[in-house]
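This report concerns only the one structure given below.
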2 protein chains.
Amino acid sequence: MHFFSSDFKLGILGGGQLGKMLLYETRKWDIQTKVMDTSKDAPCKIACNEFVLGNLLDFDDVYNFGKDVDILTIEIENVNVEALEKLEQENVRVYPPTKTLRTIQNKATQKLFYTDNGIPTSPFTRFAYTSEIEDSISNGGLQFPFVWKSAQFGYDGQGVKVVRKLEDLSRLPNVECIAEEMVNFKNELAVVVARNTKEEVKTYPVVEMEFHPEANQVEYVICPARIEESIGQKAVEVALKVSAHLEHVGLLAVELFQTQDNEILVNEVAPRPHNSGHYSIEASYTNQFEQHIRAILGLPLGKTDSKVAGVMVNLVGAEGHIGDVVYENIDAILEMDGVTPHVYGKKQTRPFRKMGHVTIVDEDMFKARRIAQQVKETIKVISK
Amino acid sequence: MHFFSSDFKLGILGGGQLGKMLLYETRKWDIQTKVMDTSKDAPCKIACNEFVLGNLLDFDDVYNFGKDVDILTIEIENVNVEALEKLEQENVRVYPPTKTLRTIQNKATQKLFYTDNGIPTSPFTRFAYTSEIEDSISNGGLQFPFVWKSAQFGYDGQGVKVVRKLEDLSRLPNVECIAEEMVNFKNELAVVVARNTKEEVKTYPVVEMEFHPEANQVEYVICPARIEESIGQKAVEVALKVSAHLEHVGLLAVELFQTQDNEILVNEVAPRPHNSGHYSIEASYTNQFEQHIRAILGLPLGKTDSKVAGVMVNLVGAEGHIGDVVYENIDAILEMDGVTPHVYGKKQTRPFRKMGHVTIVDEDMFKARRIAQQVKETIKVISK
């Protein structure tokens, strides 16, 4: 049986924007797909061969979904891993492997993994409950400011807060969590590593991320990063070390801090296509979604170099707007050179919700960055 | 009402590979689509919002299909134009306009259009029936060799034959046709012209086509063409003249001959995305499918320059193979740099049937061309 055959079926858990972009590639190669998502309005509902409504965190839903697929992958880590483990035992090929998912899914476990393997990361403390943090502060063990992270199922800034004073604690849910020392960084960087079933490994160029100060979401991703070559090399080395120890199959997006002292620290990782790799659709020889498919199918990995420089702007819901989405001035950005909007197809907008992204490519990275700024200032994601 | 709205619906007549590649772009922008095709196994059946089974040449099927869409486009010219004319009268926006389709659909009318507008093309004679050709030969009006073309519905070499001797005539259907003087050409070239509803016009770079000697199908498309700049300019001028007189909306692929005397003659045109523009998916700032959507929606046209050089190889069914398709050695070509296969998803192969294409991109056009040759020699489209 070959992947390019009607006997083969690829399962994807999660039918959001990442799944949708994966489906461009499965369509390109006529690979049969089956997708499960919690929402009947999921962007993936069309373009897959079979769509199943189900809860990604429910054992039975995930297990029943995965039973008749040949290879199972994810577009989101927050899935029922017990069900995946059972499927793995029954010879469904699950990529990323459940061992990788187990290490990553809990942020405390993920941090321990780094320290156990000599991978540089910021100092941290584990807490069974947020309420225990206060004791640690009063006995001097923990100092303001620090970064609070929910250990379970943090996604897109929802489970991450900067704590600057005692009062900030009262707004946090009382769950298993970690407190990380705040990193005084020069740059936030990311490296996407691809690793296939045959352990072939390739890295994409280091990208630079600019975050929105309030929403804790990426605002621009810039490829290549505006950093010294030696810093880039160090970032790639660290990312490869994480990749080797995690033994993932598929993509691994490694988010990194470059400190004031030019140290590289791992922030966190995602074992799947990632926002920091979206620029690759327009800029790279092999885009991250095709690369993920190549990796999990055991095909040779594609060239990760860029054809041109790329800058990505996230399209997030504007503040003060909740309801049916409108993309104001999308025509105007289409007049700018090298601009490609991606509209995810979510029907409802709300403040800071990821509704799409725009890639700007040019031979000259600085020109692309300038156009990206114009794009950002022109298009608005609002409600009707 | 805006295109990026759930109230808007784009209709596409024809659900083959071109429609399928158009759907990547409508998906990217979350544009609602409705597709009609004659085959229940059409590659477009998934990825559109609504699929309708129907005969593209049947008045009622086309009319009923088009009644509830806002904009109607085609992936193939062989559609019922009477139905489109009625839809146009009822304010459905049909792009290309039926006037353009009328001119192009009949090859005799198309040739007359060129001569009437002073557009260079090879000399030709019209015949109501192929059987009339013999008289013309015996009275010296027509000389061997010449190119016979069926006036109606020629597609992909099916309606085109080189006639070298009297016996060749017996193998031709007895239909309305033209006999064209055979052009002694140096190169076959093509220019894709985009023209939007606001009459904004852009041209893609001139590409060079290498044909398979037997099947009369394109084997390689090379961008940029290996020609002198002055020839390229002349080719673009001629293509723009055709575009202006045809008043099309959407893409127009203009196929050209460069003669031994460096004249540029129009061979034929297609008012839609075209095989000669497939390279643009990987090589251009704006691929031809996105450009077609931009044009028919009245959006600003995108940049037509190339990021890198591109060579396209058609994947056609190997001789001697009929049945369920297998893409032999597809893994091997994925190991080569800058190689992207596209598998159209047709279940059955037969000799010379277009089953897919492969794009090879590189900064260096000559390197891309060399890899394309390797691709061609490696992959085989065969039956099980």
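The values are calculated or read from the model by the stated rules, or taken from the named source; none is laboratory data. Note that this is a predicted model, so its numbers are computed, not measured. Here the Cβ is made from the backbone with ideal geometry for all residues, glycine too, and neighbour counts use every protein chain on show.
Looking only at the range A:33-42, which residues are out of contact with any helix residue (DSSP H, G or I) (no Cβ under 8 Å at 6 or more places or on another chain) and within 12 Å of chain B (Cβ to nearest Cβ)? I'd like the intermediate steps shown before the answer.
Applying the first criterion (out of contact with any helix residue (DSSP H, G or I) (no Cβ under 8 Å at 6 or more places or on another chain)) to the range A:33-42 yields A:38-41.
The answer is A:ASP41, and nothing else.
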Tally the residues that are part of a loop (DSSP other than H, G, I, E, B), of a type in the set (Lys, Arg) and under 21 Å from A:PRO123 (Cα atoms), restricting the search to the range A:156-186. 2
Within the range A:283-326, which residues are assigned to a loop (DSSP other than H, G, I, E, B) and within 20 Å of A:PRO271 (Cβ to Cβ)? A:THR286, A:ASN287, A:LEU297, A:GLY298, A:LEU299, A:LEU301, A:GLY302, A:THR304
Does B:VAL183 count as farther than 26 Å from B:VAL375 by Cα and not basic (Lys, Arg)? yes
Among (1) within 22 Å of B:ASN78 (Cα to Cα); (2) within 14 Å of chain A (Cβ to nearest Cβ); (3) touching a strand residue (DSSP E or B) at 6+ places or on another chain (Cβ under 6 Å), where does B:SER284 come up short? (1)
Identity of the residue in the range A:43-57, touching a helix residue (DSSP H, G or I) at 6+ places or on another chain (Cβ under 8 Å) and modelled with pLDDT of 95 or more, that ends up farthest from the other protein chains (Cβ to nearest Cβ): A:ASN55
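Results for (1) within 8 Å of another protein chain (Cβ to nearest Cβ); (2) in contact with a His (Cβ under 7 Å, 6 or more places away or on another chain), shown as yes or no for each residue.
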{"residue": "A:TYR344", "(1), (2)": "yes, no"}
{"residue": "A:LYS354", "(1), (2)": "no, no"}
{"residue": "A:HIS357", "(1), (2)": "no, yes"}
{"residue": "A:ILE360", "(1), (2)": "no, no"}
{"residue": "A:MET365", "(1), (2)": "no, no"}
{"residue": "A:ALA372", "(1), (2)": "no, no"}
{"residue": "A:THR378", "(1), (2)": "no, no"}
For the range B:328-340, the count of residues that are under 27 Å from the mean Cα position of the chain (by Cα) and more than 7 Å from chain A (Cβ to nearest Cβ) equals 4
Does the range B:287-310 hold any residues that are farther than 20 Å from B:HIS212 by Cβ, more than 8 Å from every other protein chain (Cβ to nearest Cβ), among the small types (Gly, Ala, Ser) and crowded, with 23+ Cβ neighbours inside 10 Å, and which are they? B:ALA295
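Taking A:VAL313 as the residue in question, decide whether it is away from chain B (no Cβ under 14 Å), buried (at least 19 other Cβ atoms within 10 Å of the Cβ), over 15 Å from B:LYS28 (Cβ atoms) and not polar (S, T, N, Q).
On the way: away from chain B (no Cβ under 14 Å): yes; buried (at least 19 other Cβ atoms within 10 Å of the Cβ): yes; over 15 Å from B:LYS28 (Cβ atoms): yes; not polar (S, T, N, Q): yes.
When the stated conditions are applied, A:VAL313 passes them.
Specify which of the listed residues (A:LEU13, A:LEU72, A:LEU22, A:LEU101) is within 14 Å of another protein chain (Cβ to nearest Cβ), at pLDDT 95 or above and closer than 30 Å to A:TYR285 by Cα. If you could, list the steps in order and put the result at the bottom.
Numbers: A:LEU13 fails: within 14 Å of another protein chain (Cβ to nearest Cβ); A:LEU72 fails: within 14 Å of another protein chain (Cβ to nearest Cβ); A:LEU101 fails: within 14 Å of another protein chain (Cβ to nearest Cβ).
From the options A:LEU13, A:LEU72, A:LEU22, A:LEU101, the qualifying one is A:LEU22.
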